[in-house]
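Have a look at the structure below, then the notes.
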Amino acid sequence: MPFLSVIVPVYNVKPYLAACLDSILAQTFTDFEVLLVDDGSTDGSSALCDEYAGRDSRIRCFHKENGGHMSARQEGFRNASGTYIAFVDSDDWIDPAMYGRMCTAARESDADVVCCNYTAVTPEKKIERKDICRPGFYNRSQLEEQVYPALLYSGVFFHYGVSPSLCNKLFRRTLLEKHLFHVPLTIRLGEDGLAAYPCLLKASSAYFLPESFYYYRSNSGSLTHTMDRGRLAENRLLFDTYDRLTDLAAHPCMEKQLLYYYAYQCLLTFPPVFNAMKNEGGVRKAFREECGYPPVKRAFRAVRIRDISGLHNKAYVLCIRHRLYGLFRFFMAH
């Protein structure tokens with residue numbers, strides 16, 4: 001049984017897949033297996049997965065009908081045998097020292113979760129994203145006192161206290177299995193946090209490394225940047241799922257953080273979605289309905305304008321709070 005299982009969901013990423021897999025195979029740490037889950041690729045990624053599986057006995061490949069990113073992650077988990085679980089998105093890559101450092105921390109501290117920082121890479125620049133908590137080991141009481149109060153919202157709009165990403169973390173298998181399968185499969189933006197945050201809130205301990213080992217490829221054509229009317233339904237499902245997560249509800253310090261998170265998610269999605277819908281019938285009604293949806297309404301009543309960064313974002317908060325579509329559209333155009 002390997003110490004670590006690395007799950008890689010694959011869907012139509014042939015231009016990037018070899019670089020991703022090569023970075024995993026280049027790890028100085030070697031006690032791992034790689035589970036490639038081909039989620040119905042049509043661009044040749046499937047054959048490349050099989051090719052890599054034929055080269056290295058640590059790689060196993062699974063092919064399934066397209067079911068989405070989280071569906072592929074869950075399928076990988078079902079077939080994983082490691083004590084700890086890690087995820088790598090197939091258009092990203094990792095530093096050769098990543099799993100050596102993280103698995104050493106896991107073995108020496110016996111932490112339930114190990115986190116590192118990551119770097120967002122665009123065609124123009126690299127941006128390092130760091131968790132705000134000090135590096136090192138945290139027992140349960142230290143997590144309660146020092147990490148949870150700023151887990152989703154650091155106090156700066158909008159910077160997470162701890163990144164919601166699944167890809168810059170190791171999870172003890174027995175902890176992750178309690179939360180990974182509660183994530184709705186249709187959510188494409190924000191789904192990581194629905195598993196990562198409950199794991200952190202239930203962890204008996206965690207270890208935070210100061211290094212940035214994970215490289216996230218950010219580009220305008222990625223799934224994260226695809227905005228359409230369906231994103232509004234995803235927002236609702238995302239917010240409703242967070243509202244139902246008892247692990248979050250049990251922590252009083254989470255209420256404000258969740259409301260600021262909901263506001264952030266709306267500010268991230270409303271402008272591009274409603275801009276794409278601007279020539280459709282009923283767009284004003286749709287805008288007002290989304291503004292009146294209970295989690296959205298609660299969030300925009302709660303957030304303070306002075307906490308919001310950027311003039312446009314401040315204006316959007318007022319427009320959403322008072323359901324002013326005409327003014328919202330004006331700011332979208334200027």
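The values are calculated or read from the model by the stated rules, or taken from the named source; none is laboratory data. Note that the coordinates shown come from a computational prediction; the quantities given were computed from them, not determined experimentally. A quick note on method: Cβ atoms are made from the backbone with ideal geometry, for glycine too, and the neighbour counts reach across all protein chains shown. Just the protein is used for accessible areas: all its heavy atoms, side chains included, with ligands, DNA and RNA removed. Shrake-Rupley method; radii C 1.70, N 1.55, O 1.52, S 1.80 Å.
Summary table below
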| item | result |
| --- | --- |
| Test: residue in the stretch 56-63 that is under 13 Å from I24 (Cβ atoms) and in contact (Cβ under 8 Å) with a residue 60 or more places away in the chain | no |
| Any hit, the stretch 288-307, residues being acidic (D, E), at pLDDT 90 or above and farther than 20 Å from S154 by Cα | yes |
| Candidate set: the stretch 153-167, residues that are within 25 Å of L259 (Cβ to Cβ) and under 12 Å from the mean Cα position of the chain (by Cα); chosen: the one most open to solvent (accessible area, probe 1.4 Å) | Y160 |
| Any hit, the stretch 217-229, residues being assigned to a loop (DSSP other than H, G, I, E, B), among the hydroxyl-bearing types (S, T, Y), touching a Ser or Thr at 6+ places or on another chain (Cβ under 7 Å) and touching a residue at least 40 places away in the same chain (Cβ under 8 Å) | yes |
| Strands (runs of 3 or more DSSP E) within the stretch 76-162 that include 2 or more residues under 29 Å from S309 (Cβ atoms) | 113-121, 126-129 |
| Residues (open to solvent by less than 10 Å² (accessible area, probe 1.4 Å) and either among the charged types (D, E, K, R) or assigned to a loop (DSSP other than H, G, I, E, B) (or both)) located in the stretch 29-44 | D38, D39 |
| Top-ranked residue of the stretch 80-109 - restricted to ones that are of a type in the set (D, E, K, R) and over 20 Å from H69 (Cα atoms), ranked as most open to solvent (accessible area, probe 1.4 Å) | E108 |
| Unique residue being among the small types (G, A, S) and closer than 24 Å to L151 by Cβ when the list is A333, A286, A276, A263 | A263 |
| Residue selected from the stretch 263-279 under the condition touching a residue at least 24 places away in the same chain (Cβ under 8 Å) and not in a helix (DSSP H, G or I), by the criterion nearest to the chain's Cα centre (by Cα) | M277 |
| Filtered residues of the stretch 206-219 (kept if crowded, with 18+ Cβ neighbours inside 10 Å and either more than 18 Å from the chain's Cα centre (by Cα) or not hydroxyl-bearing (S, T, Y) (or both)) | A206, Y207, F208, L209, F213, R217 |
| Filter pass, R229 being open to solvent by 60 Å² or more (accessible area, probe 1.4 Å) and modelled with pLDDT under 95 | yes |
| Check on C133, open to solvent by less than 80 Å² (accessible area, probe 1.4 Å) and at pLDDT below 95 | yes |
| Scan of the stretch 289-325 for residues that are surrounded by 14 or more Cβ atoms within 10 Å (Cβ to Cβ) and basic (K, R), ordered by number | K297, R298, K314, R321, R323 |
| Of all residues making up the stretch 168-190, the number that are open to solvent by less than 10 Å² (accessible area, probe 1.4 Å) and modelled with pLDDT of 95 or more | 7 |
| Any hit, the stretch 45-66, residues being open to solvent by 50 Å² or more (accessible area, probe 1.4 Å), assigned to a helix (DSSP H, G or I), within 21 Å of K178 (Cβ to Cβ) and in contact with a strand residue (DSSP E or B) (Cβ under 7 Å, 6 or more places away or on another chain) | no |
